[in-house]
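What follows is a short report on a single structure.
The values are calculated or read from the model by the stated rules, or taken from the named source; none is laboratory data. Just so you know, these numbers come straight off a predicted model, no measurement behind them. Ideal geometry is used to build each Cβ from the backbone, glycine not excepted, and the neighbour counts take in all protein chains shown. Please note that ligands, DNA and RNA were not included when accessible areas were found on the heavy atoms of the full protein model with its side chains. Shrake-Rupley method; radii C 1.70, N 1.55, O 1.52, S 1.80 Å.
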Amino acid sequence: QVQLVESGGGLVQAGGSLRLSCAASGLTFRTYAMGWFRQAPGKEREFVAAISRSGGRTYFADSVKGRFTISRDNAKNAVYLQMNSLKPEDTAVYYCAAGGNGPGTSYRVYGYWGQGTQVTVSS
């Protein structure tokens, strides 16, 4: 059974930083591209960042470019999202996702999803 468990969310002031983690189990982690998506209240789920199987290629939404970084540790079956210079508009539930055919910016690429972790940025 595939499980993706996010952690590291919380409340932070604008300009602050958070590091999200996603622990994966039940799959051969190194064969999956990984992505982060987010969903704010009343809005559709949107792409944030993605990383290739080896970690050699990364992709970011324009809204987070230069502020967020994505990394992975295939030995630990984990992917991370470092979020710096956070803004109130970054407030959302952040989801980790695994895709056998990724990486990509569409949610359709990803077949497995975590339950999400809340990130709230106060102004």
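Summary table
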read-out	value
Residue in the stretch 97-106 that is least open to solvent (accessible area, probe 1.4 Å), counting only those that are out of contact with any Phe, Trp or Tyr (no Cβ under 6 Å at 6 or more places or on another chain) and more than 9 Å from residue 32 (Cα to Cα)	104
Residue identified as of a type outside the set (Ser, Thr, Tyr) and within 18 Å of residue 5 (Cβ to Cβ) among 67, 38, 53	38
Complete set of residues in the stretch 47-61 that are in a loop (DSSP other than H, G, I, E, B), within 20 Å of residue 108 (Cβ to Cβ) and open to solvent by 50 Å² or more (accessible area, probe 1.4 Å)	53, 57
Count - residues of the stretch 74-106 that are within 19 Å of residue 23 (Cα to Cα) and not charged (D, E, K, R)	19
Extreme residue, most open to solvent (accessible area, probe 1.4 Å), among residues of the stretch 20-41 that are closer than 14 Å to residue 92 by Cα and modelled with pLDDT of 95 or more	39
Any pair with Cβ under 6 angstrom, 6 or more apart, that starts in the stretch 60-82 at a residue that is over 13 Å from residue 50 (Cα atoms) and ends at one that is of a type in the set (D, E, K, R) and open to solvent by 50 Å² or more (accessible area, probe 1.4 Å)	74/30
Output for the stretch 107-123, where each listed residue is of a type in the set (S, T, N, Q) and either open to solvent by 50 Å² or more (accessible area, probe 1.4 Å) or closer than 15 Å to residue 19 by Cα (or both)	115, 117, 118, 120, 123
Top-ranked residue of the stretch 62-75 - restricted to ones that are assigned to a strand (DSSP E or B) and of a type outside the set (S, T, N, Q), ranked as surrounded by the fewest Cβ atoms within 10 Å (Cβ to Cβ)	73
